[in-house]
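The values are calculated or read from the model by the stated rules, or taken from the named source; none is laboratory data. For clarity, every value in this text was computed on a predicted model and none was experimentally measured. Methodologically, a virtual Cβ is constructed for each residue, glycine included, from the backbone with ideal geometry; neighbour enumeration extends over all protein chains shown. Just so you know, the surface numbers come from the protein's heavy atoms only, side chains and all, with ligands and any DNA or RNA stripped out. Shrake-Rupley method; radii C 1.70, N 1.55, O 1.52, S 1.80 Å.
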Amino acid sequence: MLRDTLGRPLRNLRVSVTDRCNLRCQYCMPEEEYAWLRRSDLLTFEEIQRLVEIFTELGVDKVRLTGGEPLLRRDLPDLVRVLAGIPALRDVAMTSNGVLLESQAAALRAAGLHRITVSFDTLRADRFRALTRRDDHAAVLRGIEAVRSAGFTGLKLDTVVIRGVNDDELADLVEFARSVDAEIRFIEYMDVGGATHWSRDQVVSRAEILEHLETKYGPIDPIREESSAPAERFRLGDGTSFGIIASTTAPFCRTCDRSRITADGTWYLCLYAQRGIDLRTPLRSGASHDEIKALIATGWTRRRDRGAEERKDLEAIGHRGVLVQIEGLRRDPHLEMHTRGG
Ligand code: SAM
């Protein structure tokens with residue numbers, strides 16, 4: 001099996017199908033204007049399929065479709081159908097903000113999508129509006145319902161916890177997740193590209209999240225499991241489980257087997273990486289299957305990224321702040337979280 005310089009295998013691939021989004025979340029896309037990828041540069045479904053097949057030959061067995069908002073990509077179920085048919089893939093999942101799920105969940109299920117994660121930060125419509133600058137809270141709730149009625153199991157809800165924004169809703173969100181048969185995962189606010197309003201004091205740490213929930217629910221037990229998944233899972237006394245993704249205060253770079261392809265075919269080996277590997281040019285200039293495979297294999301073998309740990313190290317010397325200033329993001333939209341997918 002292919003391993004990088006820290007012995008990490010290539011397993012999880014996130015495929016961004018668009019850099020466009022129909023929300024403007026303050027922790028991801030807080031600006032008024034954005035530089036977008038060129039439309040003619042976006043990989044076609046055939047190109048995505050070709051790349052994913054090569055990746056599976058090198059160890060990838062899980063793919064997650066993301067964006068931007070993946071449901072903005074036209075005919076997404078067609079891509080899902082092709083990916084779900086690749087025998088080496090044991091998991092084809094998608095992360096969505098849920099706004100368009102009501103109309104698309106059934107088609108995605110019929111196409112063979114295995115799992116859906118919905119980003120869900122608040123139960124309050126007024127807060128949703130302030131956080132996302134769109135009035136779509138009810139649509140997201142209907143989308144969550146549609147996921148259930150389409151027959152998906154293993155629904156996850158992801159909440160970015162931000163101090164003073166939604167940190168008073170943790171228990172309510174646990175209750176809501178339970179009511180819709182979902183598992184909620186609380187994500188620490190990350191200083192990724194695009195989070196131009198990030199500040200350390202807005203980060204609600206894993207320790208604080210646990211403390212808050214213990215006040216309401218009593219002792220919380222960690223669930224011990226072997227996994228490279230970013231979320232650590234916990235169980236309340238009544239058996240309800242939830243996760244915490246502590247990427248900011250307790251990074252997990254040492255077990256990170258994830259990499260990301262942007263919608264225009266740039267491959268990033270770390271969410272924090274400043275540079276990616278261009279796969280679109282070889283793909284479009286006639287490179288053979290084996291040449292592209294060699295490019296990917298070499299890239300992974302040389303991988304030494306541990307971006308989240310390095311960000312944390314900066315904190316120790318008082319230098320942790322916004323990762324990329326707005327001018328840098330305007331020059332290169334690849335540095336944006338919404339281009340890389342979460
Ligand atoms: N539009 C889809 C969605 O909303 O789920 C997929 C793309 S979105 C970039 C993927 C994930 O990144 C979401 O769960 C989002 O909450 C997370 N995310 C974006 N910015 C973040 C930040 N600054 N800190 C932590 N998570 C972030």
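Data table
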{"quantity": "Where a residue in the stretch 256-278 is more than 19 Å from residue 3 (Cβ to Cβ) and of a type in the set (Phe, Trp, Tyr) and its partner, wherever it lies, is in a loop (DSSP other than H, G, I, E, B) and open to solvent by 20 Å² or more (accessible area, probe 1.4 Å), with Cβ under 7 Å and at least six apart", "calculated": "272/323"}
{"quantity": "Some residue of the stretch 199-211 being within 22 Å of the chain's Cα centre (by Cα), within 30 Å of residue 50 (Cβ to Cβ) and open to solvent by 70 Å² or more (accessible area, probe 1.4 Å)", "calculated": "no"}
{"quantity": "Matching residues, the stretch 174-232, being acidic (Asp, Glu) and away from the ligand (no atom under 16 Å from the Cβ)", "calculated": "175, 181, 211, 214, 221, 225, 226"}
{"quantity": "Subset of the stretch 147-185 [of a type in the set (Ser, Thr, Tyr) and buried (at least 21 other Cβ atoms within 10 Å of the Cβ)]", "calculated": "159"}
{"quantity": "Checklist (1) touching a helix residue (DSSP H, G or I) at 6+ places or on another chain (Cβ under 9 Å); (2) without any contact (Cβ under 8 Å) to a residue 60 or more places away in the chain; (3) open to solvent by less than 20 Å² (accessible area, probe 1.4 Å); (4) within 30 Å of residue 315 (Cβ to Cβ) applied to residue 188, failing item", "calculated": "(2)"}
{"quantity": "Tally, over the stretch 108-123, of residues that are surrounded by 14 or more Cβ atoms within 10 Å (Cβ to Cβ) and either among the hydrophobic types (A, V, I, L, M, F, W, C) or not in a loop (DSSP other than H, G, I, E, B) (or both)", "calculated": "11"}
{"quantity": "Where a residue in the stretch 154-173 is within 15 Å of residue 195 (Cβ to Cβ) and its partner, wherever it lies, is at pLDDT 95 or above and surrounded by fewer than 20 Cβ atoms within 10 Å (Cβ to Cβ), with Cβ under 6 Å and at least six apart", "calculated": "161/167; 162/202; 163/202"}
{"quantity": "Filter pass, residue 126 being without any contact (Cβ under 8 Å) to a residue 40 or more places away in the chain, open to solvent by 20 Å² or more (accessible area, probe 1.4 Å) and either farther than 18 Å from residue 173 by Cα or within 16 Å of the ligand (Cβ to nearest atom) (or both)", "calculated": "no"}
{"quantity": "Residue within the stretch 145-154 that is away from the ligand (no atom under 16 Å from the Cβ), modelled with pLDDT of 95 or more and of a type in the set (D, E, K, R) present", "calculated": "yes"}
{"quantity": "Count of the stretch 129-143 residues which are of a type outside the set (Asp, Glu) and either open to solvent by less than 60 Å² (accessible area, probe 1.4 Å) or on the phi > 0 side of the Ramachandran plot (or both)", "calculated": "8"}
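Residue-by-condition table, conditions (1) on the phi > 0 side of the Ramachandran plot; (2) among the charged types (D, E, K, R):
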position: 126; (1), (2): no, yes
position: 154; (1), (2): yes, no
position: 159; (1), (2): no, no
position: 175; (1), (2): no, yes
position: 182; (1), (2): no, no
position: 198; (1), (2): no, no
position: 204; (1), (2): no, no
